[in-house]
Structure formats: C-alpha cells, structure tokens
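Here the structure is laid out as structure tokens; the discussion comes afterwards.
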Amino acid sequence: MEQIKGKIVLITGATSGIGLSCAKVFAREGARLILTARRIDILKSIAVELKKEFGTEAVTLQMDVRDYNSVKSAVASLDSSLKPVDILINNAGMTRGLDKIHEGKVEDWEETIDTNIKGVLFVLREILPGMAERQKGHVIYIGSTAGHDVYPGGSVYCATKFAVKALAQSTRVDVLDKFVKVTSVDPGMVETNFSKVRFPEDPARAENVYKGLMPLTPDDVAETVLFAASRPWHVNINQIIMTPIAQASSNFINKKTG
Ligand code: NDP
Ligand code: 8X3
C-alpha cells in the first residue's frame, strides 16, 4: 500500500459533503492538507477541528474555482514546501434545479458549467504541470453516475459530469508517460448539501430526494477515494462507479430501503 502519511493533498470543495469527508479521512491518515473552497471561515474552523482530532496541519485557501485568477493566485500563495502536491481531489461541484432542457435557466447552466467543467480544468491547470514535471502525483476526479446515464431534468448537470469523465480519460492519456495516476470516483446518490444547493428555495424538495432510501454517506465516498489513493505505486484505479444498494443507476432507484 502507498503511504498517505506526509503526502500533500489538495481538496477542492472542502467545506461540505464529500470534500469535507475527504479532509477528515486524509487527516486521519496523516496527510498534509490544503483545503480550498469559497467559504474561508468554515475552512478555517474545519482546520482547527482536524488539528484537535487528528493532530494534522491543514492550510486553508479561499478560491472560487469558476475564476481562473482566483485559482491561480490561491495556488501561487502556497508556501513552497506545499507546492509539490501529491494528490489533487478535484471535487468542487454543484447544480441548480431540475428543469427540462427546453425550460432551463441560462444562468443555472452557466453556473453549473463554470463550476463543474471550467473549475475542474482551472484547478488542474495549476496543479498538474508540477506533477508531470516531478513524474509523481495522483489526480482524483469526483464524477457521478450522472456522467454515465442521463435522467429527466438532469441535462446540463449530466453533460458536465460526462465532461468530467472525458477529462479524466484525457488526463490519463496525456500524462501516461509522466507516471501520474488518474482516477475518477463516480458516486450515485450521496446525502450532502448537494440537493439543498440544487433546490435552494425548497428545502422540503431537497430532503425528499433521499426519503425512502438509504443513500451513500460522504464518508463512504471518501473511504473509496482513500482506497484509490493508497494502492501500490504500479496500480492505477481508473474509475469507480459506486451507488447505494438502493440504486442500480441514475434512473433505477428502490425507494423502499429507508
Ligand atoms: P456539497 O454541496 O455538500 O459540497 C460542494 C462543495 O463544493 C462545497 O464545499 C462548496 O464550497 C464547493 N464549491 C461549490 N462551488 C464552488 C466554487 N465555485 N468554488 C469553490 N468551491 C465550490 O456537495 P457534494 O459534496 O455532494 O458535492 C461534491 C462533488 O460530488 C460535486 O462535484 C458533485 O457533483 C459530486 N457528486 C455528488 C453526489 C451527491 O449525490 N451528493 C453524487 C455524485 C457526485 P463553498 O460553497 O464553500 O465554495
Ligand atoms: C449527483 C447525483 O443523482 O443527483 O451527482 O445526479 S444525481
């Protein structure tokens, strides 16, 4: 197994959900963390908690992944000892609404595309060259079952996750001769703030998404990310599609498991 202890791990979207669980799991394993998101106060209190619980140092960086300058200056501000990132967890993502494509709101499309495609690329652009130069590193994308099957009202979100799948495959091809590992962890339904962000005006609708079934927890996903990150040097986990037992795919859900 590859040791996680002492590795430099940069996580996007570490204030909540899957990113926050990754922060905890990698802190437990003794990684040196760089936690990023827009809500810097939350990141700072998470860093304090992680120090208390695991004795782990975590540096916090405010960044809006939609803004290339924000990403660039945040990464540039890192102390030189933290610049050689070993593992990038390219996780920050979101969507809004569940409108049919002919009724979709352009501003929702822009926010979703800017965050999930351009944001993922902007962070990658700042971190991957160093990995390629050092011939060492691991990029872990958080994709989705939405990148494998479309579902009604999911059009643009699904398109962004299909794009993430393509970017993961492309990254693997382009850094094949650089000994950089590339993984995509693609979960189905995970109970996080994702649905609250999707339906900000309708908390009951957000809650209803997970009613009647036992969804994945963000910790389930984080432990899977850790599994991929801790394989021996010669092993690359390309893709993991994971769902709760209640879900066969985006469109087949057993709502009698809650
Ligand atoms: P959460 O809403 O709980 O967390 C999203 C995280 O992304 C937050 O930390 C948020 O931080 C960050 N984020 C959002 N927009 C930006 C931005 N513009 N710049 C920087 N950070 C941003 O959702 P999840 O944990 O569920 O989502 C994480 C990833 O998992 C996403 O890519 C999502 O698509 C994917 N996913 C989720 C599934 C689910 O069912 N929940 C299933 C499959 C995949 P802040 O607001 O502080 O900036
Ligand atoms: C998020 C899960 O099912 O809402 O990627 O698309 S789903």
Would you mind telling me which numbered condition in (1) within 12 Å of ligand 1 (Cβ to nearest atom); (2) modelled with pLDDT under 95 Met1 fails? (1)
Strands (runs of 3 or more DSSP E) enclosed by the range 164-258 - at least 3 residues per element that are over 26 Å from Asp108 (Cβ atoms) and in contact with an Asp or Glu (Cβ under 8 Å, 6 or more places away or on another chain): 239-242
Please find, within the range 81-104, the residue that is farthest from Val65 (Cα to Cα) out of those that are more than 16 Å from ligand 1 (Cβ to nearest atom) and in a loop (DSSP other than H, G, I, E, B). Lys100
Selection from the range 22-33 of residues that are over 20 Å from Val185 (Cα atoms) and assigned to a strand (DSSP E or B): Arg32
Answer yes if at least one residue in the range 139-150 is part of a helix (DSSP H, G or I), touching a residue at least 40 places away in the same chain (Cβ under 8 Å), surrounded by 16 or more Cβ atoms within 10 Å (Cβ to Cβ) and within 16 Å of ligand 2 (Cβ to nearest atom), and no otherwise. yes
Members of the range 206-225 found to be of a type in the set (Val, Ile, Thr) and over 15 Å from Ile11 (Cβ atoms), listed by number: Val209, Thr217
Looking across the range 44-57 at residues that are touching a helix residue (DSSP H, G or I) at 6+ places or on another chain (Cβ under 9 Å) and within 14 Å of ligand 1 (Cβ to nearest atom), the single one that is nearest to Thr15 (Cα to Cα) is Ile46
Take the range 186-210 and flag every residue that is out of contact with any strand residue (DSSP E or B) (no Cβ under 8 Å at 6 or more places or on another chain) and in contact (Cβ under 8 Å) with a residue 12 or more places away in the chain. Thr192, Asn193, Phe194, Ser195, Val197, Arg198, Phe199, Pro200, Glu207, Val209, Tyr210
Matching residues, the range 93-125, being farther than 14 Å from Arg198 by Cα and crowded, with 22+ Cβ neighbours inside 10 Å: Gly119, Val120, Phe122, Val123
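Looking at Thr183, Thr160 in this structure, which one is buried (at least 18 other Cβ atoms within 10 Å of the Cβ), touching a residue at least 60 places away in the same chain (Cβ under 8 Å) and either away from ligand 1 (no atom under 12 Å from the Cβ) or under 19 Å from Thr115 (Cβ atoms) (or both)?
Thr160
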Quick check, is Val156 in contact with a helix residue (DSSP H, G or I) (Cβ under 7 Å, 6 or more places away or on another chain), more than 11 Å from ligand 2 (Cβ to nearest atom) and part of a helix (DSSP H, G or I)? yes
Every pair of residues 6+ apart whose Cβ atoms lie under 9 Å, when the first sits in the range 223-238 and is loosely packed, with under 12 Cβ neighbours inside 10 Å while the second is acidic (Asp, Glu): Pro232/Glu2; Trp233/Glu2; Val235/Glu2
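One line per residue, one yes/no per condition, for (1) more than 16 Å from the chain's Cα centre (by Cα); (2) closer than 30 Å to Pro200 by Cα; (3) in contact (Cβ under 8 Å) with a residue 12 or more places away in the chain:
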{"residue": "Gly6", "(1), (2), (3)": "yes, no, yes"}
{"residue": "Gly19", "(1), (2), (3)": "no, yes, yes"}
{"residue": "Ala23", "(1), (2), (3)": "no, yes, yes"}
{"residue": "Thr60", "(1), (2), (3)": "yes, yes, yes"}
{"residue": "Asp79", "(1), (2), (3)": "yes, no, yes"}
{"residue": "Thr95", "(1), (2), (3)": "no, yes, yes"}
If I filter the range 164-174 for residues that are at pLDDT 95 or above, touching a helix residue (DSSP H, G or I) at 6+ places or on another chain (Cβ under 9 Å), away from ligand 1 (no atom under 13 Å from the Cβ) and closer than 28 Å to Gly6 by Cβ, do I get at least one hit? yes
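The values are calculated or read from the model by the stated rules, or taken from the named source; none is laboratory data. Computed from a prediction, not measured in an experiment: that's the story for all the values here. Virtual Cβ from ideal backbone geometry, glycine too; neighbours counted across all protein chains shown.
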